[in-house]
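Trainee: First the structure, which I've put down as structure tokens, then a few questions once you've had a look.
We did not get these values from a lab; they are worked out from the coordinates using the rules stated. Computed from a predicted structure; not experimentally measured. Virtual Cβ from ideal backbone geometry, glycine too; neighbours counted across all protein chains shown.
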């Protein structure tokens, strides 16, 4: 079985590589910048497609050549701009919608069955939708339309909560850890967090558990949209306190209510899909446990 993984440098990608290495599948890990790898070997034929090392799958011609070379049986699309407050909204929309559209258009021409796993987000359940959530909802609709029109394409969109783990370069948890390190080094008494105490609440999922779950979805026949994640939501304040406990650094939290996004408020999320609870109960942990697992990796990385 040939598997194509896009966006493999993200926080989920490294964990997914570890999971798929235990299978007998031939996996190609694709990133926009740098050479892709195939079973650990650089794919020269792909890395020269665009004339340089940038593999922009929003460009149909590049996506077409990639798919034709790899001829995948499974596509796991992790490629996305996943920061809701990203400055370039047009770039976010292009990345989050054109990549699945291009890949699925090309896959629709293949004369074989193909499985497509789309990384989505539970922020779709927010109202009103921000641009990020709208782009993810559009990507889900694109996948659903292709699975309805083309019998040889099956697919599922995994609605994920905030994903945390080693390799996180942004997000609340990384921000808190970095601020605590800086305050400790500069001998400061406090750290500043945005919002009003205790901050907004949302669920968190450990990237290692998500990677294991994605591997399961390669082989099952689930379709459409499925919510995965944790059993509860926790506040910004709780995340900060967990980080302090893990790092052994205790600082006062100063809340800055002037720096808060309009849509950064307590959110209502749909419950985890019953099939996930029943067949993959190990993937459903508390948000506290997800953050603690991630902190073991992140804090260890920072101390190295």
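Trainee: Between residue 258 and residue 21, what FRET efficiency follows from the Cβ-Cβ distance if R0 is 35 Å, with the result rounded to 0.05?
Mentor: Rounded to the nearest 0.05, the efficiency is 0.15.
Trainee: Which order do the peptides 210-218, 274-282 take when ranked by the mean count of other beta-carbon atoms within 10 Å per residue, highest first?
Mentor: Highest-to-lowest ranking by the protection proxy: 210-218, 274-282.
Trainee: Working out 0.36 nm times the residue gap between residue 277 and residue 111, then minus their Cα-Cα distance, what length gain in nm do you get to one decimal?
Mentor: In short, 56.3 nm is gained.
Trainee: Could you give the nm distance between label points at residue 190 and residue 216, where each point is 7 Å from its Cα heading toward the beta carbon?
Mentor: Calculated label separation equals 4.4 nm.
Trainee: Run the helix sum for the chain: -39,500 (n - 2.57) per DSSP H stretch of 4+ residues, divided by residue count, reported at 222 nm to the nearest 500 deg cm²/dmol.
Mentor: Rounded to the nearest 500, the figure is -12000 deg cm²/dmol.
Trainee: Working out 0.36 nm times the residue gap between residue 129 and residue 288, then minus their Cα-Cα distance, what length gain in nm do you get to one decimal?
Mentor: Stretched fully, the residue 129-residue 288 segment lengthens by 54.6 nm.
Trainee: Moving on to the next point. Which order do peptides 9-15, 98-104, 179-185 fall in by mean Cβ count within 10 Å, highest first?
Mentor: 98-104, 9-15, 179-185
Trainee: How much length would be gained if the chain were fully extended between residue 94 and residue 138, taking 0.36 nm per residue of separation minus their Cα-Cα distance, in nm to one decimal?
Mentor: Roughly 14.7 nm would be gained on extension.
Trainee: For the chain, calculate the relative contact order in percent as a whole number, restricting contacts to Cα pairs under 8 Å that are 6 or more residues apart.
Mentor: 18 percent
Trainee: Which of the three applies to the chain, rounded, prolate or oblate, going by the alpha-carbon gyration tensor with a ≥ b ≥ c and a/c under 1.5 meaning rounded?
Mentor: It comes out prolate by the Cα gyration axes.
Trainee: For the peptides 147-155, 240-248, what is the packing order when you average, over each peptide's residues, the other Cβ atoms within 10 Å and list the highest mean first?
Mentor: 240-248, 147-155
Trainee: Right, something else. Give me the angle, in degrees from 0 to 90, between the Cα long axis of helix 172-185 and the longest principal axis of the Cα atoms of the chain, rounded to the nearest 10.
Mentor: So the inclination is approximately 40 degrees.
Trainee: Sticking with this one: Using only Cα atoms, find the angle between the long axis of helix 236-247 and the longest principal axis of the chain, and express it within 0 to 90 degrees, rounded to the nearest 10.
Mentor: 80 degrees
Trainee: How far is helix 60-70 tilted off the main Cα axis of the chain, in degrees rounded to 10, range 0 to 90?
Mentor: That helix lies at roughly 70 degrees to the long axis.
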